[in-house]
Structure formats: structure tokens, C-alpha cells
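First up is the structure itself, then whatever we jot down about it.
Each value in this text was obtained by applying a stated rule to the coordinates, not by laboratory testing. Please read these numbers as outputs of a predicted model, since none were measured by experiment. When we count neighbours, we look across all protein chains shown, and the Cβ atoms used for this are built from the backbone with ideal geometry, even at glycine.
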4 protein chains.
Amino acid sequence: MKVEPYLKILAEKGGSDLYFSTGAPPSAKFNGVLKPLSKTPAPPGWVNSLAQEIMKTVNASILSIQPGEVKLEFPYQTNLTQQHGFIHAGIVSTVLDSACGYAAFSLMPKGAAVLSIEFKINFLSPAKGKLFQAVGTVKKPGRNITVTEGELFVCVDGGQKLVATMVGTMMSVYDREGIEN
Amino acid sequence: MKVEPYLKILAEKGGSDLYFSTGAPPSAKFNGVLKPLSKTPAPPGWVNSLAQEIMKTVNASILSIQPGEVKLEFPYQTNLTQQHGFIHAGIVSTVLDSACGYAAFSLMPKGAAVLSIEFKINFLSPAKGKLFQAVGTVKKPGRNITVTEGELFVCVDGGQKLVATMVGTMMSVYDREGIEN
Amino acid sequence: MKVEPYLKILAEKGGSDLYFSTGAPPSAKFNGVLKPLSKTPAPPGWVNSLAQEIMKTVNASILSIQPGEVKLEFPYQTNLTQQHGFIHAGIVSTVLDSACGYAAFSLMPKGAAVLSIEFKINFLSPAKGKLFQAVGTVKKPGRNITVTEGELFVCVDGGQKLVATMVGTMMSVYDREGIEN
Amino acid sequence: MKVEPYLKILAEKGGSDLYFSTGAPPSAKFNGVLKPLSKTPAPPGWVNSLAQEIMKTVNASILSIQPGEVKLEFPYQTNLTQQHGFIHAGIVSTVLDSACGYAAFSLMPKGAAVLSIEFKINFLSPAKGKLFQAVGTVKKPGRNITVTEGELFVCVDGGQKLVATMVGTMMSVYDREGIEN
């Protein structure tokens, strides 16, 4: 994935250098170990335009934003659980879909809005724990269609455990009334 | 789909005849028109065992439970929206996954618990409106694996509009610690 | 699904009335019972433009073409099997993907080419038998994105048995070099 | 993914050390660059038990087998193409499904057979070229359910280009008549 051409666009989008404040180079694939990043205040313009009420409801925060990769975090909450006390599959989907959608948006041209066409998610182990981290990455960017991958981890002693994996297809929307990021 | 053999099991499960209080025969496939059902109080035992905190958070209620088919309903809420003011894709997934999981559970043997292995969801039109109805149906029941389909509709003047379709694979879990319905 | 506006387009596409020679009205959803249709010779222009070498390799033939619905048929062949002697999952996918792609194409504007973006397939019972029939239907047409559903049946004594279900997302491609239907 | 415990099982399964003849350590994730491996003659017992007629039809050969990872290769053939002359989406699925199924099987207990429950595949670029390589990897092994990922590449000057990605759910089948690997 060539990301260089997008850096300028991204900077213009957010009007800020903060996107890159984590210093880490964009990784093509999340390596399974979330480093203890300082929470990066995301660029105001960018994040405001993507502000989602649901992210407040699940208490999600942004861990990092890089071209083609976005990491989110949210804590366990009883009001988000299914019948066994685990985080509900749909909430796992919610945070992964947002991470993937944000990642796709980070590589889209200025003026584009992002919509989910479809996704598929596999649940590998129960979403049981205190803190969850999601990473969305772009597998293949495109003018109209962007393919993304997401992984959700639960933080456990000494590391993370993989909870779910997503593959999502995102669409760039241009000039459609009522849909603007 | 033969459902007769399951009627007895279902009755035993819930200890109640209320499952069938809607009077309608089990339909193999939702026909796209949600009739104005009176809200059926679901059988206490059955529903208690599947009670999900997340269903309260999204204010979902049960429209009907039949062998192999469950209908849920929830209203628009600002705190469940994405950046364009539509219900977030993950919340659409949440209600559909529950409808599909409940439908799968309705045909499982007594003592089984239900877990989602995976699902795929397509978003056909924006989740924009005041009231949403989800229907989960069993496409293929099995002792271990049950394949389900779900459709989410938004209620509009004079009918419904299809918002999303799901295909979900559910697993029957027996005797696993911490996972009991 | 309103199909009327497309009838003219379809007729122009194929330069023939033969699309509708089966006489049956377009059905929104395949009802699970494939009637003993006489094999309809498909309109030459239309079919030539979609001719696929792979369809010859699997000996598939067209049972019927209607706006938004295409039925294909193929026989058991040993050279298409997996290790248990069933038709390989990928061959099941091949015929379903073509049925879905053709169905999508039947509702696309003149000049469009069709490409598969992605699909998901569930295998419900072994692809074991002498004759298989696939039906692809359009769930939601669109200028750029068309969502389709497919079902593959094996013909057994007195009816059909469902083998696999597909959900596929198709894209209309306009003016892209090397991709013309 | 801990693979050590499986080495002994694998050796017993195949009755051979040949599984590991490529010398490469099992990689958790394919890195996108297929090294020019010498074609490894796969262990007779193992491969015979998985022999698929369809693999002959598509002229696929095994590049390497390791615990949790299998690589296959096949050449362009006109008789496997769709209407634009690309390899048909279903044939791409065929080889990826086999790679994923073999990878899942490599970590299953002795006596188990492998069946595909479902898969989802995204098509990222046209399957256009002379030689294709598929890699299937196990994302999460389990006694009953194994989740796999697959990637298909076309070999181009100086490297590979990603054509398609798969996520597949495989089932271990024990003691079911007619289904034995």
C-alpha cells in the first residue's frame, strides 16, 4: 500500500499534523501487539466530521490515526452485554466497523464521505474482559471501493487476546445529499 | 423446514404455550410485510434465559416468537447514530444478530446455549426513520450448526423498506462452563 | 423490486424477446421449487456477451433468464469433486456466482459490465447427486452496486434439496478498458 | 498460534517428515512475498487422503505444507475464465478454499475430516496473469471450528499482486459415514 500520495490530502483534510503524532510508520498489517501509545488527540476537523453519537454511547476513544490504520479502545460496560455477560457481538461489530470506516476514510480524497456496503465478522473468543482495542486497516484502497480488515482484542495480563476479525467493504460517496463527512 | 418435531421441545423449554400465541403458522421465509401484530408477551422462562442488557440499551422489544422465526422492534435513538444521523451499522447488526440468535435458539434442544460463530451483513439503504423491525429466520437447523437469515426494515408510510440483510452461523453449545442460556 | 422500467433496456440489450419466453412473471424470491421448465435458448446477443469458458468446463446451461433472476443447471462430474466425492465448494461457488452476476447484469443499464466485488457462501448439505440447479436473484439493484442472493439445489426424488446459499455484491463497470460485457 | 503440540500429530498423520522439508518455520501470517520454493513432494499418506479431482482439473500443485499454512499454485487456463478472460471468481474461490481447508486439516486431530461451513471472499484485482499462488493460514484452530484466512496472488514482474482474500470457517467432522479424509 503506497500511502505517500495521501499524506498531503490527509493533512489538508484535518488541517493538522496531529495525524502523525504517534511517530510510528504506517504498518501494512497490525502485528497483534498494541503498544502502550499515549492517547493521541485526533485532529479536530477530521474527527468532528466523523463524530458518531454511538461512539459516546460505547465510550470509545481514539488510540491512533494513521493513513490506512485507525485504532480505537472501549471499556467493558454491563449495558452492552448479551445473555452470558460478554460484550454483544453487535457491539464488537460496531467498534470494528467504525475503526474500518475511519481507516478507509483516511485514504479517501477530500470531499468524499464513507459508507459501509457490507461486512463479515468472525467471533473467535468471548468478548470478556475490562478493556478492548480495535484496529481497522485498509487492505485495498480505491476511488469507489475500499476493502478493510479489522481485529478486536481484549487486553489480558501481559498482552492481548484476539476476539474477532472483520472484513468490510466501504464505499466513497461523492455529492450525495444528506451524506457528508 | 420441518418444525413439528420441535414444538414439544419448545413448549418444554419455555414451560408455556405463549410461544404460539400469535396464531400464525411458522413461515419458512419472511414475506417482506410485517403485519401489525399485537406485541406478544414472550414466555417468561425462555426470555429470561436470553435476557440481554444490550436489548434494553437499544430499547428493543419482542414482536413475536415462533419456532424458527423471531421478530424484534426498536425505535430511532440519537445515541445510536453514526456521523450522518443514521442508526450505526453495528447497531443494525446488534438487533439482527439477536433476532437470528433467538430464532436459532428456538429450534435448539433443551440445555443448549447459542453463540454466534460469524455473520455477514449487507447494507441496502440508510437506517433512517422512526421505527425499525428485524426478523430472524432459521434457514437450516442442525445439532451443532444452525444457519440463519435476517432482514431489517424501517417502517415508512404504508409499508416497510428493507435496510439490511444478514446471514449468520450460530453454534449450539453444550456443557461449557460460563455459557448457559 | 420494480422491474418494468428495465424491460425495454433488456430487450434492447439482447435484441430479442426471448428473455421472456418462459412466460413466468419475475418472482421477487425463488420459492424453493424449480418447475420442470423447457430449456430456453437464451437471446444470442445477451448470452454471447456473457459467454464464459468456465461454464462450458462445468457443462452449465441456462434454464431461464428473467429481469433480476437467472437459473442455471449443471450435472455431476467426477472431475469437479473434492476428497469425499462431492462437488467442490468452489465449483458450487462458481455456478452461483455466475447465476448472481447474470441476474445483476439483467437489470444493469446498457453499456455496463458486471464484476463481482465479494460474496459469502454457506454450505448447508453435501453437493452430492446427479443434477444441480442454481438460481440467482437481485435483492437490491443500483446504478453502481447490486446486491444479489443465490441458492443451489440438488435434484432428488420428488423435489430439491438446498445445498448452499450465497449473498454477492456486484459492481456495474462503465468505460473501463478491457472490461466489456 | 502455538503449533508445537501438533507437530507430532502431523507426523503421525502423514507418517513422514516431508511436511517440513521446506525448512521454513511456520509463519503466523503470510508476508506477501512467495519465495521461489522448490516444489515439495507432499507426504503420500496425507495428500492421498485429501486428493481432490478438482485440483487436477485446475492443474493445482502444492508449493508447501506446514502446520497451519498451505501454499498452492496453478497456471492460467482459458477453460477456467469468465467473460473478460480473467480466471473466474469461483475458480479463485476453489483454490483458496482448498488451501484454507488443507491448512485447517493440518492442525486437526488424527481421524478428523474437514468440511467447509462457509466462506467470504473479496476480489481486489482481476485474476489476470500466467501463474497464481494461494496461501491458506489458520487464524484460530479449534476442536470443532477452525477459522482460516486465504490470499491469492498473481505472479507479476518482480513480485506478486494480491487478487483476492478469503475468510473461511471449517469444521472438523468425526465419525460421519461417507466423510473421511
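For region A:99-135, the set of residues classified as closer than 20 Å to B:A89 by Cα and at the interface with another protein chain (Cβ under 7 Å from one of its Cβ atoms) consists of A:S116, A:I117, A:E118, A:F119, A:K120, A:I121, A:N122, A:F123, listed by residue number. For region B:128-149, a residue qualifies if it is among the hydrophobic types (A, V, I, L, M, F, W, C) and surrounded by fewer than 21 Cβ atoms within 10 Å (Cβ to Cβ), and exactly one does: B:L131. Inside region D:68-86, residues that are surrounded by 24 or more Cβ atoms within 10 Å (Cβ to Cβ), within 11 Å of chain C (Cβ to nearest Cβ) and in contact with a Ser or Thr (Cβ under 6 Å, 6 or more places away or on another chain) make up a count of 0. If you filter region C:155-166 down to residues that are of a type in the set (V, I, T) and crowded, with 21+ Cβ neighbours inside 10 Å, you find that the one that is farthest from the other protein chains (Cβ to nearest Cβ) is C:V163.
With respect to A:T169, determine if the residue is within 14 Å of chain B (Cβ to nearest Cβ), in a strand (DSSP E or B), of a type outside the set (G, A, S) and in contact with a strand residue (DSSP E or B) (Cβ under 7 Å, 6 or more places away or on another chain). In short, yes. Specify the residue that is nearest to the other protein chains (Cβ to nearest Cβ); the eligible residues are those in region B:141-154 that are in contact (Cβ under 8 Å) with a residue 40 or more places away in the chain and part of a strand (DSSP E or B). Top of the filtered list is B:E149. Here D:L63 clears all of (1) touching a helix residue (DSSP H, G or I) at 6+ places or on another chain (Cβ under 8 Å); (2) crowded, with 22+ Cβ neighbours inside 10 Å; (3) not small (G, A, S) except the condition numbered (1).
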